[in-house]
């Protein structure tokens with residue numbers, strides 16, 4: 001399957017980027033009289049604080065930029081202007097001994113807006129604050145829609161109406177949604193900002209880790225938030241309706257800052273309803289026609305909502321053979337494929353599904369993960385191979401019709417967590433599809449399993465959904481606990497294997 005490749009990178013700004021950066025600033029600030037920084041300004045920032053200047057690039061092209069300096073908190077305790085806080089644009093106000101990060105500038109080129117790239121740059125700034133043990137971030141936020149209400153509202157009234165959702169200001173709304181809060185109104189802040197009537201809002205984000213006596217240069221503890229979608233099978237007329245429901249769940253999981261969204265096996269089966277008059281093999285091959293479109297939409301959503309999406313599974317025709325495949329749509333824009341290795345007797349007999357040939361671990365920004373589709377988790381050799389390759393989390397999208405079928409998946413998945421010293425997340429579909437042959441009833445209870453040792457739940461169940469109910473399940477897993485278990489666990493299932501007597505290997 002061909003996918004449009006999108007690569008998103010956060011990089012430190014260099015002076016070699018200047019000409020492209022200049023053009024990007026001009027395009028982003030079309031309503032401002034002085035729409036770009038001069039080269040000597042950028043050179044000065046790179047000289048005094050190179051770690052505070054970043055760009056976000058999409059497929060190698062500058063899509064946005066964030067510039068910052070470090071100041072003493074006392075400089076923002078009182079009203080100030082942009083000219084004053086930047087030292088008349090010399091940035092002489094920057095202090096290596098300062099305690100606050102001041103946002104000098106941040107922008108996204110118009111054609112890249114809507115991809116939530118600004119959130120990534122804000123997240124970078126927050127991480128920088130934590131690593132440098134700074135108190136927080138402050139900056140003067142523009143209110144570019146204020147000119148529409150200046151005759152009837154004061155800046156204070158305008159902000160109150162934005163907070164109560166009576167007025168929409170896309171810039172301020174975005175900043176408030178990223179955990180910044182208003183401190184005061186700044187008058188005559190930015191010269192020439194007619195849209196804001198030269199008013200700005202001093203916004204602040206507090207670093208809750210500031211009181212720590214020592215800050216490690218590298219964060220060792222990795223807590224990953226898993227989001228599982230227990231999907232309700234219901235009629236959909238087209239892929240637009242299907243993806244609208246999928247986006248609803250992705251939006252919710254992203255709102256809770258989940259790192260992964262896991263969908264079930266064959267979650268798109270309702271689209272087969274229109275082909276119910278065909279034979280079952282013909283109907284599922286018609287369903288395969290939707291796969292390319294659905295994966296492309298998932299890839300867009302993974303970027304837009306800044307979340308790694310595991311698409312469950314869908315039928316796909318490869319070289320004339322029908323396979324059960326899924327895709328890992330990463331939030332950096334890359335897309336990777338996985339496939340079901342073992343097909344069930346029913347899948348073979350009814351649909352003519354063929355098993356895949358590749359099993360692999362995927363590198364993500366939240367550790368190494370493995371993905372096994374339903375029946376595959378009942379074969380311990382597969383997950384053992386993934387564990388040997390360093391897997392931290394195993395995701396299992398499944399589709400089961402009865403409770404005994406579900407029990408096979410559930411208990412085998414929990415065994416995989418114990419024997420491979422990893423986390424395992426499983427999710428399936430619920431509800432009925434009376435108009436889809438071979439997909440009429442579903443049973444599911446989504447769960448997150450852990451190893452069974454002292455740092456983990458006694459019964460090895462981190463979290464569980466309500467059986468047969470449409471919902472999302474969110475759970476945090478600490479990857480550092482796995483490292484501790486590997487080395488200091490009560491038992492060490494990985495290290496204590498008798499490899500002198502037996503091994504599991506690929507052919």
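Summary of values
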read-out	value
Qualifying residue in region 90-99 (condition: closer than 25 Å to residue 36 by Cβ, assigned by TED's automatic domain parsing to the domain that holds residue 122 and outside any loop (DSSP other than H, G, I, E, B))	no
Meets criteria (within 13 Å of the chain's Cα centre (by Cα), at pLDDT 95 or above and not in a helix (DSSP H, G or I)) for residue 309	yes
Among the candidates 111, 127, residue that is closer than 19 Å to residue 257 by Cβ, out of contact with any strand residue (DSSP E or B) (no Cβ under 7 Å at 6 or more places or on another chain) and not in a loop (DSSP other than H, G, I, E, B)	127
Filter result (out of contact with any strand residue (DSSP E or B) (no Cβ under 6 Å at 6 or more places or on another chain) and free of Cβ contacts under 8 Å to residues at least 40 places away in the same chain) within region 323-338	none
Where residue 360 falls short, out of the listed (1) touching a strand residue (DSSP E or B) at 6+ places or on another chain (Cβ under 8 Å); (2) surrounded by fewer than 17 Cβ atoms within 10 Å (Cβ to Cβ); (3) under 22 Å from residue 289 (Cα atoms)	(3)
Evaluation of residue 388 against (1) under 24 Å from residue 316 (Cβ atoms); (2) within 30 Å of the chain's Cα centre (by Cα) (one fails), failing number	(1)
Enumeration of residues in region 490-504 that are within 26 Å of residue 455 (Cβ to Cβ) and surrounded by 10 or more Cβ atoms within 10 Å (Cβ to Cβ)	491, 492, 493, 494, 495, 497
Elements of type strands (runs of 3 or more DSSP E) in region 1-77, at least 1 residues being surrounded by fewer than 17 Cβ atoms within 10 Å (Cβ to Cβ) and not assigned by TED's automatic domain parsing to the domain that holds residue 304	8-12, 61-71
Count - residues of region 170-180 that are in contact with a strand residue (DSSP E or B) (Cβ under 8 Å, 6 or more places away or on another chain) and either exposed (fewer than 13 other Cβ atoms within 10 Å of the Cβ) or assigned to a loop (DSSP other than H, G, I, E, B) (or both)	3
Residue count, region 438-474 (criterion: touching a residue at least 60 places away in the same chain (Cβ under 8 Å) and closer than 30 Å to residue 282 by Cβ)	5
Residue match in region 154-169 (condition: within 30 Å of residue 97 (Cβ to Cβ) and either modelled with pLDDT of 95 or more or in contact with a strand residue (DSSP E or B) (Cβ under 9 Å, 6 or more places away or on another chain) (or both))	no
Criterion (assigned by TED's automatic domain parsing to the domain that holds residue 412 and touching a residue at least 60 places away in the same chain (Cβ under 8 Å)) met by exactly one of 341, 393	393
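The values are calculated or read from the model by the stated rules, or taken from the named source; none is laboratory data. Source: prediction; values computed, not measured. Glycine also receives a Cβ, built like all others from the backbone with ideal geometry; neighbour counts cover every protein chain displayed.
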